[in-house]
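The structure appears right after this line, and notes come after that.
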Amino acid sequence: MAKLRHIAITVDDMEKTAAFYEKSFDLKRVRQSDVAIMLSDGIMSLAIIHSQNVNAEGRKGLHHIGFLVDDMEKGAAKVEGSGAVYHGQIKGIGGGPQEERKYRDPNGIHFDVATPAHAKRVWCIPGE
């Protein structure tokens with residue numbers, strides 16, 4: 001069964017936004033780069049992406065949502081069978097399509113599916 005595991009937002013000031021969520025909700029930084037800061041409460045994660053990131057396309061606000069699936073092939077087949085369109089991978093993270101895949105829903109909204117191995121390695125949350 002798939003579980004909601006992260007939400008990604010795009011902003012102009014990543015540091016200010018991260019500090020707000022850290023202070024307001026006691027979220028912890030689990031990963032940081034020049035283009036994103038990842039926070040987590042240990043179960044759900046929040047990715048704060050700079051609006052000038054090439055994948056952000058200059059937009060602000062909700063960027064995508066992420067789901068954890070037990071089995072990538074079954075999860076991918078299910079979303080594709082429901083009308084999702086494959087949209088690629090995260091670049092430079094590793095794991096490839098066996099661990100993480102990006103899609104667009106029938107409305108064009110971006111989402112990704114990832115395995116517990118990906119969540120543990122990238123989001124620093126326990127696999128289930």
Number of the exception - residue 113 against (1) part of a strand (DSSP E or B); (2) open to solvent by 90 Å² or more (accessible area, probe 1.4 Å) | (2)
Near pairs, Cβ below 7 angstrom, 6+ apart or cross-chain, from the range 16-28 (charged (D, E, K, R)) to any residue that is surrounded by 17 or more Cβ atoms within 10 Å (Cβ to Cβ) and outside any helix (DSSP H, G or I) | 22/39; 28/39; 28/40
Taking the range 61-73 as the search range and keeping residues that are over 15 Å from residue 102 (Cβ atoms) and in a loop (DSSP other than H, G, I, E, B), which one is most open to solvent (accessible area, probe 1.4 Å)?
-> 70
Evaluate the following for residue 34: is it open to solvent by 30 Å² or more (accessible area, probe 1.4 Å), at pLDDT 85 or above and under 16 Å from residue 120 (Cα atoms)?
-> no
Breaking point among (1) modelled with pLDDT of 90 or more; (2) assigned to a helix (DSSP H, G or I), for residue 118 = (1)
Identify all residues within the range 74-110 that are at pLDDT below 85 and either among the aliphatic types (A, V, I, L, M) or in a helix (DSSP H, G or I) (or both); write none if there are none.
-> 90, 93, 96, 97, 98, 109
Go through the range 1-31 residue by residue and tally those that are part of a helix (DSSP H, G or I), open to solvent by less than 60 Å² (accessible area, probe 1.4 Å), in contact with a strand residue (DSSP E or B) (Cβ under 6 Å, 6 or more places away or on another chain) and not hydrophobic (A, V, I, L, M, F, W, C).
-> 1
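The values are calculated or read from the model by the stated rules, or taken from the named source; none is laboratory data. Just so we're clear, the structure is a prediction, and the values are computed from it rather than from any experiment. Neighbour counts run over all protein chains shown; Cβ positions are idealised from the backbone, glycine included. What goes into the accessible areas is simple: the full protein's heavy atoms, side chains included, and nothing from ligands, DNA or RNA. Shrake-Rupley method; radii C 1.70, N 1.55, O 1.52, S 1.80 Å.
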